Structures are given as C-alpha cells and as structure tokens.
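The values are calculated or read from the model by the stated rules, or taken from the named source; none is laboratory data. Because the structure is predicted, anything quoted here is derived from the model rather than measured. As a convention, Cβ positions derive from the backbone with ideal geometry for all residues, glycine included, and neighbour counts pool all protein chains shown. Only protein heavy atoms, including side chains, enter the accessible area calculation; ligands, DNA and RNA are left aside. Shrake-Rupley method; radii C 1.70, N 1.55, O 1.52, S 1.80 Å.
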Amino acid sequence: MPASGSLQVAATPADFAAFAGLVAEYVDWCRVRYRDHPWFVERVFGHQSLEDELAALPRAYSAPRGTALLFVVDGDVQGGGAIRRLADGSCEMKRLFVPDRHQGQGIGRRLCEALIGAARGEGFRLMRLDTAVLFTEAIAMYEAFGFRRCAPHIAYPPELMQHLVFMELPLAREG
C-alpha cells in the first residue's frame, strides 16, 4: 500500500537532526547487511568522512551545495535522501534510506523520483551515485529509474572497489 505522506526539504535544525538519525540508522543497517564483512562498512564510511559530514549536514545538504529531502507521515520521518553538487558540475545522490519498518510502501521510489526532479530543477545534467553490491534492492530501483553502471566517479581504496557499484543518470531531457 503506498504511503500517504509528504516530501519536505530539510531546512531547520530539527529536520537535519531527523536526517542525521536516518543516516545513523542506515549505518547500522549496513552493518547488518555486511555482517560477514564488518571491515567494509567501517572502511567505506571512514573513507567518506561520515563523521565530518554528520557534523555539518546543513552545510553539506543546503543550497547551493545540495538538498536533503525527508518523507514525513504525521510528523514521523520515514525516509530521506540527498543530493550534493560535485566539482565537475554533476550531482551525486547520497544517503537514500528507508528503514525496514517503512519499506514496501513506495517511499524509496518517491524519494528517488523527487531527488531526480530536484536535480533537474537545479539544472544538473548528470546524477551519479555509488552503492554497495549487496544492496540489490537499491540497485534494481536505480536501474528502474534509468541509472546505468559506469566507471567510478570517486576514488576509493582498491580493496573496497570490488564491493561497490557506480551508476549515473543523464538528467537533460530530450527535446
């Protein structure tokens, strides 16, 4: 059954605290998914400087650097995701996550669609992302939205590369 909630742009300290809570829950979820390779999760988030990112969420995911979206039902944040500007003028989808208790309602698809729309609205011509190979549900959703696998757009240590998938989506509409 589709969730009947609303998408909102994170703008207040409370919004960013809720987004940080989702990111923390996402990290825990990753640890469960990669319980047979616990080193992987720690190395990826360490390489991404997640602690620094969490300390500066409003700076990282507010205009002009990015946008964070929350999916809210009756005041309960049930999912979130973000985009951020990359140095080459493209954008990257980051931290898209819907906790297990809210999955199966189309929230992830709504967030993905809204983030793609926000990126188009901001004039980006290309959206990129990276995800882990065991996140097969996410990969299938991204492919359904038209993302295709591509060469890495971010450098990771060599021992992590076999565990990662890089994808991109052209955003310019045919006209």
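Some notes on this structure:
- A 1.4 Å probe run over the chain, with the rest of the protein chains in place, finds 51 Å² accessible per residue.
- Point-charge dipole on Cβ atoms (K/R +1, D/E -1) for the chain, about Cα centre, debye to 20: 380 debye
- The three principal axes of the C-alpha atoms in the stretch 61-144 carry coordinate ranges of 37, 32, 17 Å, sorted with the longest axis first.
- Semi-axis lengths (Å, descending) of the ellipsoid that matches the C-alpha gyration tensor of the stretch 1-101: 22, 20, 12
- Probe 1.4 Å - accessible area at Phe97, Å² to nearest ten: 10 Å²
- Note on Glu113 and Ala24: with the Förster distance fixed at 25 Å, the Cβ-Cβ geometry gives a FRET efficiency of about 0.50.
- Protein heavy-atom surface of the chain, 1.4 angstrom probe: 54% of the accessible area is carbon and sulfur, with nucleic acids and ligands not counted.
- Point-to-point label distance, Ser6-His47, nm (Cα→Cβ direction, 7 Å offset): 4.0 nm
- Between Arg148 and Val73, residue separation times 0.36 nm minus the direct Cα-Cα distance comes to 23.9 nm.
- Size of the stretch 111-167 as Cα extents on the principal axes (Å, biggest first): 37, 23, 15
- With Rh defined as the Kirkwood radius, the inverse of the mean 1/r over Cα pairs, the Rg/Rh of the stretch 30-84 is 1.07.
- Coordinate range along principal axes, alpha carbons of the chain, Å, largest first: 41, 40, 33
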